[in-house]
Amino acid sequence: MKPSIWAALSALLALILFTPTASLACACGCDVFDVGTSSLFPSTHGGGGVFAEYDYMDQTHNWSGTIGSHSVNNDDKEIRSNFFLVGAEYMFHCGFGLMVEAPVTERYFRTDDGGTLDSFNHTAFGDLRIMGNYTGFSKDMSSGIMFGVKLPTGDWRYPGFDRDTEIGSGSTDLLLGAYHHGPVGSTDNWTYFAQVLLQAPMAYQGGYRPGTDVNGAFGVYYGPFSLDKDKLKISPLLQLIASSRTRDGGVNADPPDSGYERVLLSPGVQIDTGVVRLYADVELPVYQRVNGQQLTAPVLTKFIVSKSF
């Protein structure tokens, strides 16, 4: 089977926004949604598409180093985030592609402020991303590079939120990455894919510089299984996602309680109806090491619906 995957790149949605309160912090960890997802690699023909994505993460577990830590060690108690994203991309016949993503985030934040539990809810537009990619290294377009920018369009001034819990980071970030996919051995039943993405802040404001993120994914998928006279195709997949983030900086950051490394195991499924393509996965941490005290999520979920034209 040759991959019939149309969209370039994966949803580049803000993954790592750490959340300190005074000297304690909560790890948001959102850029993990930016990599993997084999359903969003470019197709071997020109054309465009649109897609919508929903991601969910509820950070309730306090963590320190490589083990859990009691909640009394962190003033922050919960960060629950619903991420909504719409995007469009177009692949030109010369091997170049362009993608734009517009996110909206709804976030609930609960923290202990001097013995009083305060909670805050906020929904706002996030940081716009503009990405280009090039896949002309081979005829099958199996390898590509990604390049682009994240703009500071998101709200980073909402009262009650710390700078690293804000929906927008306030920074302008450089995005660089690469990907590759191909058959496993001589069989057409299995296909592997790999992707890596760097997000590095180039300019920042308000005394907060987010850490530099590196996220990578490696996975395999099988099939597709054809149902309903080939109108419905199903492809199960399994991937490992690795993330690393350096400490935040600036007078409004909390360097001791920011930065981490982690690995997630992510089973998923892709369904092609012939009209639209559906994708869903869950992402389960199998290893994580955080600096200081940070909130983590026991599970993350992702859903994508896409249509090419």
(message) For a quick check of your reading of the model, give me the residue pairs whose first member lies in region 241-254 and is under 25 Å from Leu300 (Cα atoms) and open to solvent by 50 Å² or more (accessible area, probe 1.4 Å), whose second is part of a loop (DSSP other than H, G, I, E, B) and at pLDDT 95 or above, with beta-carbon atoms closer than 6 Å and at least 6 apart or on different chains.
(response) Thr246/Gly211; Thr246/Thr212; Thr246/Gly259; Arg247/Gly211; Arg247/Ser258; Arg247/Gly259
(request) Could you look through region 123-167, keep only residues that are out of contact with any strand residue (DSSP E or B) (no Cβ under 7 Å at 6 or more places or on another chain) and modelled with pLDDT of 95 or more, and pick out the one that is least open to solvent (accessible area, probe 1.4 Å)? (result) Glu166
(message) Let me confirm something: among Val290, Val286, Val305, which residue is within 17 Å of Gly219 (Cβ to Cβ) and either open to solvent by less than 50 Å² (accessible area, probe 1.4 Å) or part of a strand (DSSP E or B) (or both)?
(response) Val286
(message) Kindly evaluate Tyr192 against the criterion of being touching a Gly at 6+ places or on another chain (Cβ under 9 Å) and either closer than 26 Å to Gly87 by Cα or touching a residue at least 60 places away in the same chain (Cβ under 8 Å) (or both).
(response) yes
(message) Condition check: free of Cβ contacts under 8 Å to residues at least 24 places away in the same chain and not aliphatic (A, V, I, L, M). Does Asp228 satisfy that?
(response) yes
(request) Find all pairs meeting these conditions: Cβ atoms under 6 angstrom apart; at least six residues apart or on different chains; first residue within region 205-216 and within 19 Å of Pro256 (Cα to Cα) and without any contact (Cβ under 8 Å) to a residue 40 or more places away in the chain; second residue open to solvent by 20 Å² or more (accessible area, probe 1.4 Å) and of a type outside the set (A, V, I, L, M, F, W, C). (result) Thr212/Thr246
(request) Scan region 176-211 residue by residue and report those that are in a loop (DSSP other than H, G, I, E, B) and surrounded by 18 or more Cβ atoms within 10 Å (Cβ to Cβ). (result) Tyr204, Pro210, Gly211
(request) Just need a number here: residues in region 279-300 that are over 25 Å from Asp257 (Cα atoms) and of a type in the set (Val, Ile, Thr). (result) 1
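The values are calculated or read from the model by the stated rules, or taken from the named source; none is laboratory data. Since this is a predicted model, take the numbers as computed values, not measurements. Because the Cβ atoms are built from the backbone with ideal geometry, glycine has one as well, and the counts that use them run over all protein chains shown. Surface areas here come from the heavy atoms of the whole protein model, side chains and all, with no ligands, DNA or RNA. Shrake-Rupley method; radii C 1.70, N 1.55, O 1.52, S 1.80 Å.
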